[in-house]
Amino acid sequence: MLSSKVPGYLADDIHLASESSARSLRSSSERKCSVTRVHSRFGDKCFAAAGPRIWNNLHANLRDKEVSWFLKRLIHYVTATAYYGGMDSRTIENGGQINTIYTDFEKAFDKVPHHLLLKKLQSYNLNVNVVQWIRSFLCYRKQRVKINGCYSGWADVISGIPQGTILGPILFIIYINDLPEICEQFARIYLFADDAKLFKHVICDEDHKALKLGLNALQDWSNKWLLKLNILKCKTIFFGRNINKNYTYFLQGTQLERLEHMKDLAVIFDNELNFVQHCKEKINTAYSYLGIIKRISYI
């Protein structure tokens, strides 16, 4: 710890792959399970304990919040369309609709550039030794793949934040911390992990244009900090009673698909906010479990 370096053997990871996935290890869509050494996890827990020095500077959207808190805030905004702090008291009862853009960063945890992350860490005025320890933790890692007891050769890890560690999510939160400040001058933005949602109460074309500017600002931030957006997973949904479906939004020249309902944090939101789809899914799940219980009871 005092040397500001992580011993090489503690920074090494092993990626586990099942026999069925072995054929697709080179596929960009393959998600592996990373196993870090116990000593390494203990070390990053020690540094995570120093978190309060950082949390005070982090955006309120990203601090220690549970899923239920995000859902309540999301539903409150969509139904009441009131900004926190009294900035905007307009409600959807006064007309208009809530245009929402769901975005997704492509393999965000795996593609965070180390040099840019370290630059942001330095901007928080962290102790030099802490930054150097994190640099050692990130930049000098190696990994190999284990399949059915057989190991591949070691390879350098040139980007990404180690998953399965305590420090990893904290580093990612720090990395995207400035995104809300970039977008909220145009539209409301909520962040949860690597998902970003843009909202705007649209009454006139000016509101529609503001949301487009917010989307452009998010795209510019993505290009600057080298976190690519997964265009295929970016969608739009409009909430309201008399919805104007003519509004369109684009990313990199691709028109985003408009959906009638969207699953967000395990809750299905439909454009009329009656939650019929969500209730149907929960009822079907309950019936499935009931069928399992009945079958077990006859054994």
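Observations, loosely collected:
- Residue that is farthest from D104 (Cα to Cα) [pool: residues in the range 260-269 that are of a type in the set (A, V, I, L, M) and open to solvent by 40 Å² or more (accessible area, probe 1.4 Å)]: A266
- Among the residues listed as Q185, Q163, the single one being touching a helix residue (DSSP H, G or I) at 6+ places or on another chain (Cβ under 6 Å) and open to solvent by 60 Å² or more (accessible area, probe 1.4 Å): Q163
- In the range 262-274, the residues that are among the β-branched types (V, I, T) form Cβ pairs under 6 Å with partners that are at pLDDT 85 or above and open to solvent by 50 Å² or more (accessible area, probe 1.4 Å), at six or more places apart or across chains, as follows: I268/H261; I268/Q277.
- Of all residues in the range 100-129, those satisfying the criterion of being under 25 Å from the mean Cα position of the chain (by Cα) and β-branched (V, I, T) are T100, I101, T103, V112.
- Residues in the range 71-107 that are modelled with pLDDT of 85 or more and closer than 25 Å to L229 by Cα: I98, N99, T100, I101, Y102, T103, D104, F105, E106, K107.
Let's see how each residue does on (1) more than 23 Å from D178 (Cα to Cα); (2) open to solvent by 30 Å² or more (accessible area, probe 1.4 Å); (3) in contact with a helix residue (DSSP H, G or I) (Cβ under 7 Å, 6 or more places away or on another chain):
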{"residue": "I203", "(1), (2), (3)": "yes, yes, no"}
{"residue": "S222", "(1), (2), (3)": "no, no, no"}
{"residue": "K235", "(1), (2), (3)": "no, yes, no"}
{"residue": "F250", "(1), (2), (3)": "no, yes, no"}
{"residue": "G253", "(1), (2), (3)": "yes, yes, no"}
{"residue": "N271", "(1), (2), (3)": "yes, no, no"}
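- Residues satisfying the stated conditions in the range 284-294, i.e. of a type in the set (V, I, T) and open to solvent by less than 90 Å² (accessible area, probe 1.4 Å): T285, I292
The values are calculated or read from the model by the stated rules, or taken from the named source; none is laboratory data. These numbers were taken from a predicted model, which means no experiment stands behind them. Please note: Cβ atoms are built from the backbone with ideal geometry, for glycine as well, and neighbour counts cover all protein chains shown. Only protein heavy atoms, including side chains, enter the accessible area calculation; ligands, DNA and RNA are left aside. Shrake-Rupley method; radii C 1.70, N 1.55, O 1.52, S 1.80 Å.
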